[in-house]
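A quick write-up on the structure given underneath.
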């Protein structure tokens, strides 16, 4: 059996035991046995056009399934190409495993192809980084990687596996021994190489993949739950803000939805929590800053008080501020809460709801909720008025309203862009839990291709919409080749305003120049066609609904579709720059 074994087989066995369904990669000689070993275990290998896409896809897979996503990339530039996506996963608190190839153990530091100090490079942006030095290291290190990436505050981890640990022993032996030379020096080198090979492959197959242990998050105490319940019982104007961290346990998303509905607290949602409440009126979408100023109890569930909350200044001092977070650092970031609970926020809300004793006919919060809903209605009316403006080409606000009508109830929405995607976030509403993906606090452009790829693979029956800004489309447009080759039928909509509008909007007014922010009205739909997809272009507002319908039809027939929408200008998001 050992003759048929190699380190790639061991990796495939661990991935299978961990419940991994997809391995995202861009091929390289350093890692080829991993891809073959994974496929032998029934894991679908998805090869992409850029290593960052592989990590973005692993990130999205983790968010949607609760099982760590996995990417494997070749040594050197393969690893360096993942850095932005790794940092994005770290800030989004996504559990994923990145496996990197590396030079052979005997050649490290000797100028081998693509040999760099990868561990020093990635250590600052991952939870854990390890390097296998012998074949028997592969299984325990990889299992440790899976464990660590899910514990506490989830995040990415990195495991380096040198090329000579992955290929069959006989082949590695032939590569090694042929360089030993002749004469007495050759004999000495042969002895050294033989000793090294015995150490490298000794007991190589003794350790095999085992069933993973349960990873249990830190849970709240009954005293902490009761303390929050008492604060809510006294509240007249409570507000609940739920963030991505509350959805880490993807399998509990429907239970979390039921819990939030039972609590009945007016709620704002952000990040992966968008869509948690569907169209339930508890979910408020506008004027959050004003609501915060008026609230008397504010609960942040998995949300840090960072730039999105004015670094804590958006929370008034007179309000009772409650924070629930897995991260001790985020729990007190910029502002120490009156009640701080170091625990999983999703589990906390489910436990709070299970012990919630408020009478069903108690409508103490109803006037407060009614006033917040009235503000939402006023803002929606303002948005509708903006949508009626003539802009020469397609009004972006009107386009988003048409998208809101077009997307199916089982849709997953991916946002990858600045001004256009931010506009869509006001209007296009995800229908259910775990149906919205955006990069998160890092504000990364280029995540869309990998996110959309993973969304359609993880939920093949869902209608997947990738909302691109025309600037961000340039980062991952080549992945239409990946979509076409792997039968990933999604719909991408490019909001094409020939501009980096998020930046230009304020730069022109403040600095008086559009320098560096101007783009061409590129035929992105033709590029998608060249990669094997179906493409449409629309510049006539009267044809938008027709083209959206044709896009849905094309995706329904199994082809990836790109709709290039030429946009006019509005002042909808003037003054919205974030710092």
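The values are calculated or read from the model by the stated rules, or taken from the named source; none is laboratory data. As the structure is a prediction and not an experimental result, all values here were calculated from the model. Cβ sites come from the backbone with ideal geometry, for glycine too, and all protein chains shown count toward neighbours.
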Residue that is over 27 Å from the mean Cα position of the chain (by Cα) and either surrounded by 14 or more Cβ atoms within 10 Å (Cβ to Cβ) or in a loop (DSSP other than H, G, I, E, B) (or both), where the choices are 520, 542: 520
Residue 170, sole failed condition from (1) modelled with pLDDT of 80 or more; (2) surrounded by 13 or more Cβ atoms within 10 Å (Cβ to Cβ); (3) assigned to a helix (DSSP H, G or I): (2)
Residues (out of contact with any helix residue (DSSP H, G or I) (no Cβ under 8 Å at 6 or more places or on another chain) and at pLDDT below 95) located in the range 475-511: 503, 504, 506, 507, 508, 509, 510, 511
Failed criterion for residue 101 (all others in (1) in contact with a strand residue (DSSP E or B) (Cβ under 9 Å, 6 or more places away or on another chain); (2) closer than 21 Å to residue 434 by Cα; (3) in contact (Cβ under 8 Å) with a residue 60 or more places away in the chain hold): (2)
Candidate set from the range 289-319 (those that are in a helix (DSSP H, G or I) and more than 24 Å from the chain's Cα centre (by Cα)); member that is surrounded by the most Cβ atoms within 10 Å (Cβ to Cβ): 291
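Which one of these is surrounded by 20 or more Cβ atoms within 10 Å (Cβ to Cβ) and part of a loop (DSSP other than H, G, I, E, B): 85, 112, 75, 57? Break it down into steps so the answer makes sense when it comes.
Numbers: 85 fails: part of a loop (DSSP other than H, G, I, E, B); 112 fails: surrounded by 20 or more Cβ atoms within 10 Å (Cβ to Cβ); 57 fails: part of a loop (DSSP other than H, G, I, E, B).
75 is the lone residue from the list that is surrounded by 20 or more Cβ atoms within 10 Å (Cβ to Cβ) and part of a loop (DSSP other than H, G, I, E, B).
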Which numbered condition residue 572 misses (of (1) in contact (Cβ under 8 Å) with a residue 60 or more places away in the chain; (2) touching a helix residue (DSSP H, G or I) at 6+ places or on another chain (Cβ under 8 Å); (3) in the same structural domain as residue 478 (by TED's automatic domain parsing); (4) surrounded by 14 or more Cβ atoms within 10 Å (Cβ to Cβ)): (3)
Residue satisfying all of: in the range 94-109; part of a loop (DSSP other than H, G, I, E, B) and modelled with pLDDT of 95 or more; nearest to residue 34 (Cα to Cα) among these: 95
Residue pairs meeting the criteria (Cβ under 8 Å; at least 6 apart or on separate chains; first under 24 Å from residue 14 (Cα atoms), in the range 188-206; second at pLDDT below 75 and part of a loop (DSSP other than H, G, I, E, B)): 205/1
When residues of the range 320-337 are limited to those that are touching a helix residue (DSSP H, G or I) at 6+ places or on another chain (Cβ under 8 Å) and farther than 22 Å from residue 442 by Cβ, the one surrounded by the most Cβ atoms within 10 Å (Cβ to Cβ): 324
